[in-house]
Amino acid sequence: MKKDVLIIPLLLMMFCTEPLWSQEAKMNGLEMAVRMADSEIKQFPDPWTVDFNPKPVWNYTQGLIAQSMLQLEKVSQQKVYYNYAEKYALHFIDSSGAILGYKPDEFNIDAVNSGKILFVLYQQTKDERYMKAIKLLRDQLKKQPRTQEGGFWHKLRYPNQMWLDGLYMGAPFYAQYAQLLEEPDLFDDVVKQFLIVHKHTYDPTTGLNYHAWDEKRIQKWANPETGCSPNFWGRAEGWYAMALVDVLDFIPQDHSGRPRLIEILNQVAAGIRKYQDPATGLWYQVLDQGNREGNYLEASASSMFTCALLKAVRKGYISKEYKETAVKGYHGLVKNLVRVNKDGTISLTKCCAVAGLGGEPYRSGTYDYYIHETIRDNDPKGVGPFIMASLEYNQK
């Protein structure tokens, strides 16, 4: 596709006062992905700053944006997006494969997520620094502390805990490593991570998964009987949904655990559809409590659900009936949460900046906690999935 074709929508936007929603009806998902990506690059010329970081950090959020850029480059054939992703990798990874600022002894599974972009970069360049870094991150998983059943701890400082977020951070990387390096025995371990976390966090009454599970029931946030945190946080379920869909890209068709992963994905999809806001097509910060004061329609979870459902339908993992749910979600995002700025760029609004459990100051996982975490525009945990959702919408 020629570059000028992609630039036209941005130029029109700068000189047009027509609401974005009416324009969206005239464009495809690729054009929307380009507009969001170009806006992101303009706001954050250095990719390590996308999480509003004054200093460079190796973290999952930067990897998420870089991954969305690589997906966009593959569709648009515009090198600028590949270059933006590689700029991040080159800043952090030296010729020996060492990663600047990475501390493997922290056993932070979030740090693994950025490794997913390295597979693409290595395949494109054959630069050995990327393969060395991939193996360095793989070494962390070899030593990652585990629950008694074999589930990866989220971090060393969060002992005996599995968080839904961690499945997205570690499992797709782990499965792609198994495929690329031809280590098929690892697929069993990948599947096991989902089986364990789903066993302990899935609530059949709502069809949703609790944010996290403490095997030892020590944390103040943990239910003394189940070990689960007290609420269904939207983005946690979003990470989990995307993890399930993405990991199936690498699990072999004949692997014995693949049907169970698809079954779990169908359970998750049903829960997502159940709690979609009928008026806007979006999802709430605390998924099952949309009528409570202070709850709000949140952009990152809505983008993740939209992306996961669209991809799952396209891949044939879930019923085609979910396409309507996903399309309604995408339209809801563009209509309600994408803002046009004075300079012609666009912003994704109403993103929860961060939410977790435990730590200092202590995060309790209560309803009141989730609705009072900072809300901001253009959080990478929303922007990355929005770009990916736009690319999926382009294929609907």
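Laboratory data are not the source of any read-out in this text; all were calculated from the coordinates shown. Because the structure is a prediction, the values reported are computed rather than measured. Please note: Cβ atoms are built from the backbone with ideal geometry, for glycine as well, and neighbour counts cover all protein chains shown.
Expected output is a single nm value to one decimal: the length gained when fully extending between E373 and T205, i.e. 0.36 nm times separation in residues minus the C-alpha distance. What is it?
So the chain would gain 57.8 nm between E373 and T205.
What is the distance, in nm, between label points placed 7 Å from the Cα along the Cα-to-Cβ direction at E293 and at K135?
6.0 nm
Along the Cα-to-Cβ line of A98, 7 Å from the Cα, sits a label point; which residues in the range 116-153 have backbone N less than 18 Å from it?
Residues passing the 18 Å test: 128-140.
Based on the mean of other beta carbon atoms within 10 Å per residue, what is the order of 278-285, 160-167, most packed first?
Top of the packing list down: 160-167, 278-285.
For the range 3-393, what is the charge dipole size about the Cα centre, in debye to the nearest 20, if Lys and Arg each add +1 at the Cβ and Asp and Glu each add -1 at the Cβ?
Its charge dipole is roughly 140 debye.
Short version: ³J(HN,Hα) in whole Hz for each residue of the range 335-345, in order, from phi by Karplus 6.51 cos²θ - 1.76 cosθ + 1.60 (θ = phi - 60°), x for Gly and Pro, what are they?
Per residue, the Karplus-derived 3J(HN,Hα) values read 6, 10, 10, 9, 10, 8, 8, 4, 8, x, 6 Hz.
Taking every pair of alpha-carbon atoms in the range 301-370, give the share separated by more than 13 Å as a whole percent.
In whole percent, the long-distance tail amounts to 73.
When ranked by the protection proxy of mean other Cβ atoms within 10 Å per residue, highest first, what sequence do the peptides 360-368, 319-327, 244-252 form?
So the peptides 360-368, 319-327, 244-252, ranked by packing, come out 244-252, 319-327, 360-368.
Only one of the values (i) 19.9, 60; (ii) 20.9, 76; (iii) 19.8, 57 was calculated from this structure for Rg and Dmax of the Cα atoms in Å; name its label.
It is the one labelled (i).
Counting only helical runs of four or more DSSP H residues, what would the 222 nm mean residue ellipticity of the chain come to if each run contributes -39,500 (n - 2.57) and the total is spread over all its residues?
About -16500 deg cm²/dmol.
Whole-Hz Karplus ³J(HN,Hα) for the range 271-287, in order, using 6.51 cos²θ - 1.76 cosθ + 1.60 and θ = phi - 60°, x for Gly and Pro?
Per residue, the Karplus-derived 3J(HN,Hα) values read x, 4, 4, 4, 10, 5, 5, x, 6, 10, x, 9, 10, 7, 4, 9, 4 Hz.
Subtract the Cα-Cα distance of H91 and K74 from 0.36 nm times their separation in residues, and report this length gain in nm to one decimal.
3.9 nm
From the residues I262, Q285, F119, which one has its Cα farthest along the dipole of the chain in the positive direction, the dipole being from +1 and -1 charges on Cβ of Lys/Arg and Asp/Glu about the Cα centre?
So the residue we want is F119.
Starting from the amide H of C228, placed 1.01 Å from N in the peptide plane, find each other amide H under 5 Å away whose residue is 5 or more places distant or on another chain.
Answer set, sorted by chain and number: D214, N223.
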